[in-house]
1. So if I check each of B:377, B:435, which one is of a type in the set (Lys, Arg), at pLDDT below 90 and in a loop (DSSP other than H, G, I, E, B)?
2. Test of understanding: among B:270, B:294, B:275, B:246, which residue is more than 8 Å from every other protein chain (Cβ to nearest Cβ) and among the β-branched types (Val, Ile, Thr)?
3. Restricting attention to region B:408-419, which residues are more than 7 Å from every other protein chain (Cβ to nearest Cβ) and either assigned to a helix (DSSP H, G or I) or touching a Pro at 6+ places or on another chain (Cβ under 8 Å) (or both)?
4. It is to be established whether one or more residues within region B:179-187 are part of a helix (DSSP H, G or I), surrounded by fewer than 24 Cβ atoms within 10 Å (Cβ to Cβ) and facing chain A (nearest Cβ under 7 Å).
5. Can you list residue pairs whose Cβ atoms sit under 6 Å apart, with the first residue in region A:1-30 being open to solvent by less than 80 Å² (accessible area, probe 1.4 Å) and the second being modelled with pLDDT of 75 or more and among the β-branched types (Val, Ile, Thr)? Count only pairs 6 or more apart in sequence or on different chains.
6. May I ask you to verify whether residue A:178 is within 30 Å of residue B:165 (Cα to Cα) and open to solvent by 10 Å² or more (accessible area, probe 1.4 Å)?
7. For region B:141-158, which positions are under 19 Å from residue B:179 (Cα atoms), open to solvent by less than 10 Å² (accessible area, probe 1.4 Å) and touching a residue at least 24 places away in the same chain (Cβ under 8 Å)?
8. Got at least one residue in region B:51-74 being outside any helix (DSSP H, G or I), within 10 Å of chain A (Cβ to nearest Cβ) and at pLDDT 95 or above?
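The values are calculated or read from the model by the stated rules, or taken from the named source; none is laboratory data. Here the structure is a predicted model, which means the values were calculated and not measured. Heads up, the Cβs are rebuilt from the backbone with ideal geometry, glycines too, and the neighbour counts pull from every protein chain shown. Calculation scope for accessible area: heavy atoms of the full protein, side chains included, ligands and nucleic acids excluded. Shrake-Rupley method; radii C 1.70, N 1.55, O 1.52, S 1.80 Å.
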Amino acid sequence: MTTGTSREEFLRRLRATGSGDPGQPPAKPRPRFADKRGGPNGFIESWTALGGTAEQVPAEDLPGAVTAYAVGRDGPLLATAGLDVAADLTWPDCGSQAAAGSAVGVVRAVAAAAQTGTVLLRADDNRGRAASLLPPACIFVIDAGSVVDTLGDFLRDLEDPPSQLVAVTGPSRSADIESTLVIGVHGPGEVHAILIG
Amino acid sequence: MSNPTATPVSFGRRADRALADERMRAAIARGTGLMVQRRHEAVAELVNADELRDAASAIRAATLQRLPELLEQWSDNLGALGGQVHWATDADEATAIVAGIVRRRGGKVIAKGKSMISEEIHLNEVLERAGAEVVETDLGEFIQQLAGEPPSHIVAPAMHKDRFEVADLLSADRGAPVSPEIDDEAAYARRRLRQAFLDAGVGITGVNFAVASTGSICLVENEGNGRMCSSLPPTHIALMGLERIVADFAELDVMLNLLARSATGQALTVYTNIVTGPRRGDEIDGPEELHVVVLDGGRSAALDTRFSPALHCIRCGACLNVCPVYRQVGGHAYDSVYSGPIGAVLTPLLKPDDPAARELSEASSLCGACTEICPVRIPLHDLLLHLRHRDAREDASRLRRAGFWLWSQAWSRRWIFRAMVLVARAGLPLLRRMRHLPDVGWLGAWRRGRELP
Amino acid sequence: MRVQFFASCLVELLQPDVGTAAQRALGAAGHEPEALVGATCCGQPAYNAGYGAEARRVARRTLRALGDDDRPCVVASGSCATMMSHHWPELFEGTPEETAARRAARRIAELTAFMTTAGSDAAPDGGTGHDDHADVSDTSRAGGPTAVIVHDSCHALRELGAGATVRRALSDTGHVMVDADGGERCCGFGGSFSVKMPAVSVAMADEKLDSFVATGCEQVTSCDLSCLLHLQGRARRRGLGLRFDHVATLLNREP
Ligand code: SF4
């Protein structure tokens with residue numbers, strides 16, 4: 001493509017400005033909180049305060065927990081996402097059209113942050129980004145041992161980020177009309193965390 | 001040429017028009033008030049908010065000092081992972097790049113997330129002229145698109161509308177009534193826009209931060225539309241200003257802890273998307289192509305000036321929310337993509353030759369509320385003052401210049417000053433009693449709405 | 001303490017009583033104020049409008065009047081104190097007066113900031129800077145129709161940290177205060193802003209005045225006469241029964 005400016009030209013203009021000397025590298029402090037939250041319980045407290053629901057179950061009870069959450073929902077199928085949790089549920093081929101038609105998505109989180117009630121999803125960890133995005137409800141399966149304090153604790157140690165890493169902090173929301181909160185605008189309005197262990 | 005509905009050229013005129021719009025003013029007062037309150041509560045959760053703000057300010061300053069190096073590192077890293085980086089000197093180049101990608105990648109429908117850069121370069125007009133259907137998917141931007149208006153706030157684009165106005169717009173779009181209940185309005189938008197995400201050949205978003213150490217771009221949002229635009233269409237185009245870069249994830253952490261708290265009073269936005277290249281290997285969804293367009297658009301010219309702190313801005317909107325002028329007149333009175341204090345600083349920097357842009361530095365009482373709240377400690381009201389010092393003399397009428405010169409001659413001589421004191425004491429009571437003073441000059445401006453002292 | 005005293009041009013021009021009252025208040029607190037001879041104005045009107053040379057020309061007159069002195073200079077205006085303590089060094093940067101301006105800047109103190117800290121170790125530094133207006137909020141919540149509404153001028157509040165000192169000076173003299181809603185919001189004066197953007201300026205005043213009326217109290221005060229004249233001008237036009245007096249006047253008045 002020939003439109004645009006070459007990188008060399010673009011950066012050359014910038015090199016003409018600034019000292020190029022950043023001086024002392026800036027400090028990068030971690031946030032500290034008055035109401036500090038940690039561990040699975042801390043996560044659950046933050047997550048539910050945002051409007052999510054949560055439970056903690058032993059690993060073998062996961063299929064049952066998923067099924068229990070999904071039954072009675074008005075939608076054809078669950079969107080799958082690399083989790084072999086519930087052999088007795090019907091899993092469609094994944095992909096955005098399938099996910100769009102599903103009532104509940106189930107995805108595995110790589111970690112969670114207790115302070116803010118945040119769930120972390122890696123694109124390469126799940127069979128599809130759409131599963132946690134298009135259905136009106138989503139189940140996040142979290143290993144209780146993977147709960148860190150803050151998103152920053154996770155990010156600062158992250159070396160090879162996947163093609164997409166999403167930190168999900170509660171249900172989809174908007175305050176674009178009259179600054180009034182509404183839940184479930186484009187992403188899932190119902191979010192359920194199942195902590196394992 | 002005289003079009004009564006055309007946007008007036010002076011801020012004062014536009015402000016007059018805005019002041020007459022009681023409905024808009026009520027919406028803005030309510031919206032900004034709530035955002036400020038939520039922001040205070042969210043910042044209060046941080047024990048070390050001041051430390052973080054100082055750090056954020058230092059990080060932004062250091063970034064600008066080594067911008068070429070960071071951009072190079074970032075684009076090398078992203079390129080190695082299959083991301084394509086484009087460099088645009090100005091709006092024309094940026095829109096041409098995007099239009100080229102859209103043409104090549106096909107797709108009639110373009111799903112668009114919130115991007116101030118796209119507003120800055122008037123991207124929609126260009127794409128629509130090329131025959132594409134551009135769908136704004138952020139709820140506020142969607143409302144604004146239906147209204148045929150630019151956003152009036154960098155975080156809450158439709159803050160100036162109440163739910164009844166929104167219902168009218170949505171009903172017209174639907175061709176059937178949408179009730180003025182906010183839940184129903186949001187539900188309608190969800191249904192209406194869902195197909196656009198699935199049909200779109202190209203998704204366009206902004207970028208909040210680019211991370212040099214990994215080649216990532218980070219995009220924060222609450223609704224999920226940004227995630228949709230960056231996950232579902234086969235091509236994702238992200239637009240960013242050249243200053244949007246941070247060195248690594250530790251810096252990103254500092255910024256993320258301040259951004260959402262300052263913007264909407266959340267600890268984090270619902271979705272923090274960190275995209276590092278297009279879909280990889282055997283991933284079953286995600287864009288096949290990722291393009292990032294980096295815009296200069298006048299920014300590099302501000303880098304070596306005393307105004308460079310304006311480029312530290314992380315677009316949280318807090319300065320708009322506390323600004324007493326913005327509170328009265330809303331965003332459209334600024335007639336710029338960027339409104340409020342940061343808009344009044346940034347617009348004349350990005351459009352140095354536009355006298356209408358330079359006039360914006362006058363749209364402030366210099367009260368300093370913006371400076372006080374800015375998470376990255378941009379001295380906004382000082383910058384406004386410096387802009388006045390840069391431009392006032394050049395832009396002023398000869399009368400105004402002469403007025404200040406005369407004043408300074410008089411006030412620098414004690415005897416004239418004393419004489420003026422006597423004149424004022426004798427004259428003011430007379431002036432006050434005169435009912436029919438000519439409404440001209442400063443005297444007239446003062447008497448417009450106020451009695452003389 | 002022996003101090004210099006600068007009333008500000010607006011006080012001299014429009015309300016000389018305020019200057020007298022300020023000096024009397026200083027005297028009553030055991031200080032010996034001596035009015036600056038030959039001073040006119042701090043240069044702020046031109047400075048804030050973007051006219052540096054004109055501002056310098058005027059400020060130079062007042063800088064000279066400050067002379068080569070070690071005494072604090074007490075200023076009966078928050079915004080002029082800000083101009084002199086915070087902006088003079090920059091205004092005179094690169095001129096022969098630069099050193100004098102810097103030295104003078106350190107001697108400037110806003111009236112209430114001086115009155116509430118003089119005698120303590122705090123050197124005058126434009127204001128005190130260290131006060132948090134939450135400090136005295138318990139004195140300002142009390143009400144009653146005779147309570148005083150304190151209008152925080154932006155300069156005093158944000159650059160001098162004098163929001164607390166006005167209140168403390170008033171409570172030291174037995175006044176009861178009340179806080180109006182949106183107290184930290186600008187009244188819309190803003191110097192040249194008030195005449196460049198008159199409609200916006202007046203709209204800002206209106207919101208302020210409405211918040212005053214809502215307190216049920218009538219007496220408004222501030223350490224800045226300019227804000228008060230703007231608010232008073234608007235209140236009169238609207239026929240509101242609010243009274244506006246500079247804090248120096250109230251310090252001399254029985255509560
Ligand atoms: S200038 Fe500061 S307060 Fe205003 S939008 Fe930018 S970061 Fe936020």
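1. B:435
2. B:246 is the lone residue from the list that is more than 8 Å from every other protein chain (Cβ to nearest Cβ) and among the β-branched types (Val, Ile, Thr).
3. Matches in region B:408-419: B:409, B:410, B:415, B:416, B:418, B:419.
4. yes
5. A:3/B:97; A:4/B:97; A:5/B:89; A:26/B:59; A:28/B:254
6. When the stated conditions are applied, residue A:178 passes them.
7. Residues satisfying the conditions are B:142, B:143.
8. no
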